[in-house]
Amino acid sequence: MPSLFTRIINGELPGRFVWKDDVCVGMLTIAPMNPGHTLIIPREEVDHWVDMKPDLSSHLFGVAQSVSKAIHHAFQLKKVGLIIAGLEVLHTHIHLVPINNIRDMDFDRQDKNAKPEDLDAAADKIRTALRELGYMQVAE
């Protein structure tokens with residue numbers, strides 16, 4: 001059975017995509033720790049990140065860097081934190097979390113009632129920043 005992320009990638013469920021290429025996607029989480037909290041997800045279903053082939057891992061981390069630059073460009077923040085947890089959906093994904101302090105990386109601080117218009121606005125800001133930084137893989 002396809003993972004939740006595969007179903008979103010395949011268009012069976014809605015998602016707020018900011019990046020799409022042949023190998024992976026970037027999309028906003030529906031329960032952000034801070035506005036702009038983005039997931040980088042391989043199209044290939046791999047449960048545990050340590051099981052990814054080196055070329056897939058390299059590609060995902062390269063995209064994570066690119067999208068993090070856009071998040072940093074789009075929002076007023078100190079850094080973009082990175083987490084690979086993998087417990088909530090058994091499909092490898094990288095969390096890119098806008099942070100100003102270490103508490104911003106706490107999953108207990110997720111906004112599980114994020115307003116759709118706020119998520120849409122954050123996705124638009126990231127897409128705009130990606131374009132401004134010259135990336136061509138911006139999701140439309």
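Every number here is computed from the coordinates shown, using simple stated rules; none is lab data. These figures come from a predicted structure and were not determined experimentally. Neighbour counts run over all protein chains shown; Cβ positions are idealised from the backbone, glycine included.
Observations, loosely collected:
- Enumeration of residues in segment 119-140 that are charged (D, E, K, R), touching a residue at least 60 places away in the same chain (Cβ under 8 Å) and under 11 Å from R16 (Cβ atoms): D120, R127
- Those strands (runs of 3 or more DSSP E) of segment 1-117 in which at least 1 residues are surrounded by 14 or more Cβ atoms within 10 Å (Cβ to Cβ) and of a type in the set (G, A, S), considering only elements entirely within it, cover 24-28, 79-83.
- Criterion violated by L90 - all others in (1) out of contact with any Leu (no Cβ under 6 Å at 6 or more places or on another chain); (2) farther than 16 Å from I41 by Cα; (3) among the aliphatic types (A, V, I, L, M); (4) in contact (Cβ under 8 Å) with a residue 40 or more places away in the chain satisfied: (2)
- Flag if N113 is farther than 24 Å from T6 by Cα, among the polar types (S, T, N, Q) and out of contact with any strand residue (DSSP E or B) (no Cβ under 6 Å at 6 or more places or on another chain): no
- Every pair of residues 6+ apart whose Cβ atoms lie under 6 Å, when the first sits in segment 61-80 and is under 23 Å from W49 (Cα atoms) while the second is polar (S, T, N, Q) and assigned to a helix (DSSP H, G or I): V80/S68
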